[in-house]
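The block underneath contains the structure these notes are about, expressed in structure tokens.
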Amino acid sequence: MSKNFQQARMSSEAYLNTTNKHFNLWWQATFFMAVLFVVTLLLWGLDSRQLDGASVWAKPLKFESSLALYFITLALLAGYLPAKIRAKATWRWATLFAVGAGVFEVLYILLQGARGRASHYNTETPIEIAMYGLMGVGAVILVMVSFYLGWLLYRDYNEEKRDSFKLAAAYGLMLGSVLTLIIASTMSSGQNHFVGTPVADTWHVPILGWALSGGDLRGPHFFATHLMQFLPLYGLWLQRQTADVDANHTAERQKIIRFSWIYCSVVLFWFAVSFAL
């Protein structure tokens with residue numbers, strides 16, 4: 001039985017263990033977001049209203065899918081922490097704050113969509129200004145918790161055990177959180193997700209809608225955030241590539257570090273170039 005399979009089984013057993021209710025919250029939050037996604041998709045089919053050229057349900061769908069991926073990522077990766085670490089009060093509180101922040105944010109975005117009102121960059125009423133500020137606080141909480149999980153995984157990493165996946169997961173969570181905080185804070189400081197003025201007839205990336213002019217920061221933001229998934233997947237692939245051979249563990253670590261630097265450099269370059277578009 002492979003080590004990864006054993007870890008996955010331990011994760012599922014932890015879910016069924018009633019003494020780990022705080023751990024179960026990650027899975028429950030994932031399920032909640034998935035249900036909301038299905039409901040919102042149905043509403044999109046029944047309601048043709050638009051806001052800023054897109055369906056009023058488009059933004060709720062994006063955030064529901066993004067948060068579902070965030071929660072399931074943390075649920076899976078938290079399963080690689082020793083039970084004694086997950087049992088600590090700091091991790092339990094981190095779980096509660098992150099789930100609470102994510103649920104609050106997506107419910108407000110869904111409410112604003114139902115009202116045909118913008119949730120982001122909306123300063124039309126005092127309540128909407130306050131709620132936008134609270135969403136910003138919630139976003140900071142989410143990246144702080146993912147960084148904290150990455151730090152815990154890094155501290156638990158043991159090079160002698162050749163756990164490249166855990167090392168990659170740790171780097172992915174920490175670096176992805178830092179990059180996300182840098183780019184998202186820049187986006188939130190403006191009036192929209194552009195740092196310039198897009199050309200009226202500029203080309204947009206299909207489905208995602210990113211504009212290729214005006215310094216659209218949604219592209220680098222997307223790749224910054226999803227380093228939390230890309231790097232662990234790379235670590236898992238790297239570990240399986242050498243699962244049956246006497247691998248050079250130092251070389252595996254160097255490959256993970258090299259991948260991290262290249263990925264982060266590309267994202268930061270894209271971010272910097274956006275100011276010139």
ask   = What net charge do the residues around Trp261 carry, taking every other residue with its C-beta under 14 Å from that of Trp261, with Lys and Arg at +1 and Asp and Glu at -1?
value = +3
key: Residue among Leu25, Thr123, Ile141 farthest towards the positive dipole end of the range 1-156, charges placed on Cβ   = Leu25
ask   = Which net charge results when you count Lys and Arg as +1 and Asp and Glu as -1 among the other residues whose beta-carbon is under 12 Å from that of Ser66?
value = +1
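Can you tell me how much longer the chain between Phe222 and Ala130 gets when fully stretched, taken as 0.36 nm per residue apart minus their C-alpha distance, in nm with one decimal? Intermediate values should be presented prior to the final figure.
Working: separation 92, 0.36 × 92 = 33.12 nm, distance 2.54 nm.
The span from Phe222 to Ala130 would gain 30.6 nm if fully extended.
Measure up Lys59/Lys166; Lys88/Lys255; Lys88/Lys166 against 24 Å on the Cα-Cα distance and list the ones that go over.
Values: Lys59/Lys166 33 Å; Lys88/Lys255 33 Å; Lys88/Lys166 20 Å.
Long pairs (Cα-Cα over 24 Å): Lys59/Lys166; Lys88/Lys255.
All of the numbers you see were taken from the coordinates with simple rules; none came from a lab. This structure is a prediction, so every number in the text was calculated from the model and none was measured. Quick reminder, even Gly has a Cβ in these numbers, built from the backbone with ideal geometry, and neighbours come from all protein chains shown.
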